[in-house]
Amino acid sequence: MIPCEPPRFHLANLPTPLQYLQRLSDELDVEILCKRDDLTGSAIGGNKVRKLEYLVADASGADTLVTCGGAQSNHCRATALAAAQRGLRSILLLRTEDPSRPPPTEGNILLDRLAGAELRFISRPDYARRAELMRAVCDELARGGRTGYVIPEGGSNAVGAWGYVRAIYELKEQLAAWSWRTRDVDDLTIVYAAGSGGTGAGILVGCRMAGLAARVVGVNVCDDRAYFVREIGRIVTDFQARYGLELGLGDKDVEILDGFVGRGYAQSRPEELALLRDLVRSEGLVLDPVYTGKAMFGLVSEARARPGSLGRRIVFMHTGGIFGLMTAEKAAELGPLL
Ligand SMILES: *Cc1c(COP(=O)(O)O)cnc(C)c1O
């Protein structure tokens, strides 16, 4: 159905629903639909599962998936569960401040351990050379007669990007059947959280391939605009070269709404957590503190500061991350707000 689509291993429950956020839409005088990609699965849910469908298929021949991320990485957790579902092993390189004092077994780490993943905690300086370290893990496996398959941080490369190409075909079909309340406009803006760039790259490629006319805006949750323009630009360029698709996409097509990293990656501000709480109460929608909570904070702040600047029809990608909320640290921060 989708031209040039590589093999895919079924992992995700698709299509994910679209949820109209009525009270938030009324308040901001825009129409906001939430694409519930947190519902791609329960323990394995979120955006990484869509990427892993293609990455796991590409890993045929390997017996071990090797990947990396922050200690509470959603991607590493999804990889550990996908490996188990495929009968493979997994080795996760997890970044932490002091590897001699590993973080507690909670949230995603609890699921990593339940899935039988091998966890290796590494320092920030070591994480900077993660590609080299993951290759070394594969060499080590090879010496034992095993075969590793390296998945980059976040599953963000040309293969993984297919997950969001497919998601856009899915979204386009859903939107065709959707009756918008705002009839006088036809603009559409897709807002997503950018962490390693693969989701943004897939959305851009998907919109171009599927012919969905949308403005695509990433809210970065770490680094800055220049970093994501470069990273997402690199992935879309690789994608076009690898699959022989001339889509004319590059750095120039990457739009990033910078300014909402706040206290830093995975660090929360009270106002971000207060919005997260309010949306659970007003819409029954649970966002995560690391990605979607910040992206939504960016969307709401922008819509309030500059009404109309994101258009009148918005699709917000809920990319998952629920287990990032289930840690003692986040519970302690949320406590006073409850
Ligand atoms: C990884 C992740 C993102 C960011 O996606 P990238 O493709 O890495 O940019 C957004 N939301 C959640 C919940 C994630 O786990």
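The values are calculated or read from the model by the stated rules, or taken from the named source; none is laboratory data. Being a predicted model, the structure only gives us computed values, none of them experimental. Positions of Cβ are generated from backbone atoms using ideal geometry, with glycine treated the same way; all protein chains shown enter the neighbour counts. Ligands, DNA and RNA are excluded from the accessible area calculation, which covers all protein heavy atoms including side chains. Shrake-Rupley method; radii C 1.70, N 1.55, O 1.52, S 1.80 Å.
Key figures
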item	result
Förster radius 22 Å - calculated FRET efficiency between Val286 and Ala332 (Cβ-Cβ, nearest 0.05)	0.75
Accessible solvent surface per residue of the chain, calculated while the other protein chains remain in place, 1.4 angstrom probe, Å²	41
q = 0.10, 0.12, 0.15, 0.25 Å⁻¹, segment 240-338: log10 I(q)/I(0) [Debye, one scatterer per Cα]	-0.36, -0.49, -0.70, -1.42
In nm, spacing of pseudo-spin labels at Ala274 and Ser42 (7 Å Cα→C-beta vector)	3.5
Calculated FRET value between Asp98 and Arg263, using beta carbons and R₀ = 22 Å, to 0.05	0.65
Area projected by the alpha carbon convex hull of segment 1-121, averaged over all directions, nm²	10.2
Pairs of alpha carbons in the chain whose separation is greater than 35 Å (percent)	18
With eigenvalues of the C-alpha gyration tensor scaled by 5 and rooted, segment 249-307, Å	22, 14, 12
Quarter of Cα convex hull surface for segment 297-338, i.e. mean projection, nm²	4.2
Rounded to the nearest 10 Å², the accessible area of Met326 at probe 1.4 Å	110
Label-point gap, in nm, between Arg230 and Val185 - each point 7 angstrom along Cα→Cβ	3.4
For segment 69-133, fraction of C-alpha pairs farther apart than 20 Å, in %	22
Within a Gaussian network of the chain (alpha carbon springs, distance under 10 Å), most fluctuating of Lys294, Lys252, Lys172	Lys252
Accessible area of segment 110-226 belonging to carbon and sulfur atoms, whole % at 1.4 Å probe	49
Ratio Rg/Rh [Cα only; Rh per Kirkwood] for segment 147-277	1.01
Nonlocal amide H pairs with Gly70, under 5 Å, H built at 1.01 Å	Arg95
Highest-fluctuation residue, Tyr149, Tyr291, Tyr243 considered, GNM on the chain with Cα pairs under 10 Å	Tyr243
